[in-house]
Amino acid sequence: MTRLIVGPFNRVEGDLEVHLDIEEGRVRSARVNAPMYRGFEQILQQRHPMDALAVVPRICGICSVSQSVAAARALADMMGVQPPENGVHATNLIQATENLADHLTHFYLFFMPDFARPEYASRPWHAEARRRFAAQQGQHVRQAVAARQRWFTLLGTLAGKWPHSLTIQPGGSSRPVDTGERIRLLTRIREFRAFLEQTLFAAPLEHIAAIGSEAELDAWHAASQPDDGDFRLFLTLARENALDGLGQGPGLYLSYGAYPGAAGEHAFRRGLWDGRAHSVLPLDTARITEDATHAWLADEGGPRHPRDGLTLPAPGKTEAYTWNKAPRMAGRVLETGAIARQLVAGHPLVREAVVRTGGNVYTRVLARLLELALVVPMMERWLAALRPGEPYFTDASLPDAAQGMGLTEAARGGLGHWVVVQDGKIRNYQIVAPTSWNFSPRDAQGQPGALELALAGTEAGEGAAAPVAVQHIVRSFDPCMVCTVH
């Protein structure tokens, strides 16, 4: 058996190493190392609770809005305040802008450039993949970067700036939108829609969102040339490279619910998808624990609920290999992300594909692309639902002692903040990020995390410093390591 260290990975957010034990050309086991410690949970200790709104967005430069939303909801939970309808719609617009930008970035800048690698030079589609997706140089990569830049101008109007906006508050949004601004925002959304419909999907968004089965997807794929639009080319590459058999996940999927409505319902509902029973289970956040057995963090008392969590560096632990804890749901390993949202929400295409093949490289990317088609029309509706002159914000007082929980869905999956306030100061603040779930280490029972499990059995090749199959699997989860080691 040989040991291969892959990393630091390029084209991911933050620092990441993967240690692979390889036997007879395949990965026997994997250990995922988040090698950086940042300490945001310690920075927040003994601060005024409202300081969290300024501190936590700085955890990450690409998903700072999601951190803001989770913090605001944790404080709102403590304060017992509900945002008005305008505040709900504005927050959804702000978060959707960031989430869809992350999906676009993942596809064009992180995932697809791997198909332009020399390892695929003999394939008939390689020249076209290089033309479109070569890192930093591909024609469609450059177009996507330009579309992303224009898309983010939405946040100048909705949130004042990006990243690290202070617009999102426990009581809603501090930035009302007037009638003229609403017209300009709709123009930007329609411009982004045009890029998706012309370049990515080569079809109307509603057509893609309505594909309800693999048979319908096959028929749509066959109706034009196999590289007509980047989505169709992705499907072609996924089939030729058997991506539906690569990187099997743990089979349990978590969604905290995405894009709430004024009445508390979610556009993508909350729950767990059990891949064994093919059914949705209720979400009980009281059953979440974090296990620090294999993290360079103190683990006194064993696994803890985040409300009682402990984040204290212990760099001398001999059994540790990462700065990431191991979150578990009732002791079980799970996966989170767009695939989880669509499984719980009941998108028929995603459910059918996952029932057939499981959670894998293909189904993870498929779910992300479908969300681009699903959410842009939602944004158009939220924008139309804004009522000029009506409130965006509800004021409320902050108690001297309370506990709060804030849940949201970042692009990469379920994000939770737990805060405990005593004597008007933060006594404990714990964060469980999506990549904390997906890239977790082993727990006290020796269960590998979702990525560690997905890498087992993967073909590693002979003498490859970074096996391409490993690259596909890692990037299919779209890691954000700086959030993981907050």
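Only a single item in (1) at positive phi; (2) not in a loop (DSSP other than H, G, I, E, B) is not met by residue 302, and it is number (2). Among residues of the range 189-213 that are touching a residue at least 24 places away in the same chain (Cβ under 8 Å) and within 14 Å of residue 100 (Cα to Cα), those with a beta-carbon under 7 Å from a residue that is among the acidic types (Asp, Glu) and not in a loop (DSSP other than H, G, I, E, B) at least six positions away or on a different chain give the pairs 189/380; 200/230; 205/197.
The single condition from (1) more than 22 Å from residue 235 (Cα to Cα); (2) part of a helix (DSSP H, G or I); (3) modelled with pLDDT under 95 that residue 119 fails is (1). Being in a loop (DSSP other than H, G, I, E, B) and surrounded by fewer than 18 Cβ atoms within 10 Å (Cβ to Cβ) is the filter here, so list the residues in the range 311-332 that pass it. 312, 314, 315, 316, 317, 318, 319, 330, 331 - these are the residues of the range 311-332 that are in a loop (DSSP other than H, G, I, E, B) and surrounded by fewer than 18 Cβ atoms within 10 Å (Cβ to Cβ). Restricting 412, 351, 356 to those that are crowded, with 24+ Cβ neighbours inside 10 Å and modelled with pLDDT of 95 or more reduces the list to 412.
In summary, residue 127 fulfils each of the numbered conditions (1) assigned to a helix (DSSP H, G or I); (2) more than 19 Å from residue 231 (Cβ to Cβ); (3) in contact (Cβ under 8 Å) with a residue 60 or more places away in the chain with the single exception of condition (3). One residue stands out among those in the range 277-310 that are small (Gly, Ala, Ser) and touching a Phe, Trp or Tyr at 6+ places or on another chain (Cβ under 8 Å): the one that is surrounded by the most Cβ atoms within 10 Å (Cβ to Cβ), which is 295. For the range 379-401, filtered to residues that are closer than 30 Å to residue 337 by Cα and in contact with a strand residue (DSSP E or B) (Cβ under 6 Å, 6 or more places away or on another chain), the residue that is surrounded by the fewest Cβ atoms within 10 Å (Cβ to Cβ) is 393. Identify the residue in the range 416-428 that is out of contact with any Pro (no Cβ under 6 Å at 6 or more places or on another chain) and under 24 Å from residue 484 (Cβ atoms) and, among all such residues, is surrounded by the fewest Cβ atoms within 10 Å (Cβ to Cβ). So the residue we want is 427. Would you say residue 441 is outside any helix (DSSP H, G or I), buried (at least 23 other Cβ atoms within 10 Å of the Cβ) and not polar (S, T, N, Q)? When the stated conditions are applied, residue 441 passes them.
Given the condition over 27 Å from residue 228 (Cβ atoms) and polar (S, T, N, Q), answer yes or no: does some residue in the range 147-157 qualify? Within the range 147-157 (the criterion being over 27 Å from residue 228 (Cβ atoms) and polar (S, T, N, Q)), the answer is yes, since at least one residue qualifies.
Scanning the range 218-253 for residues that are closer than 19 Å to residue 372 by Cβ and among the aliphatic types (A, V, I, L, M) turns up 233, 235, 237, 238, 243. Inclusion of residue 253 among residues that are among the aromatic types (Phe, Trp, Tyr), under 17 Å from residue 348 (Cβ atoms), surrounded by 19 or more Cβ atoms within 10 Å (Cβ to Cβ) and touching a residue at least 24 places away in the same chain (Cβ under 8 Å) is warranted.
The values are calculated or read from the model by the stated rules, or taken from the named source; none is laboratory data. Nothing here was measured: the structure is a model prediction, and the numbers come from that model. Positions of Cβ are generated from backbone atoms using ideal geometry, with glycine treated the same way; all protein chains shown enter the neighbour counts.
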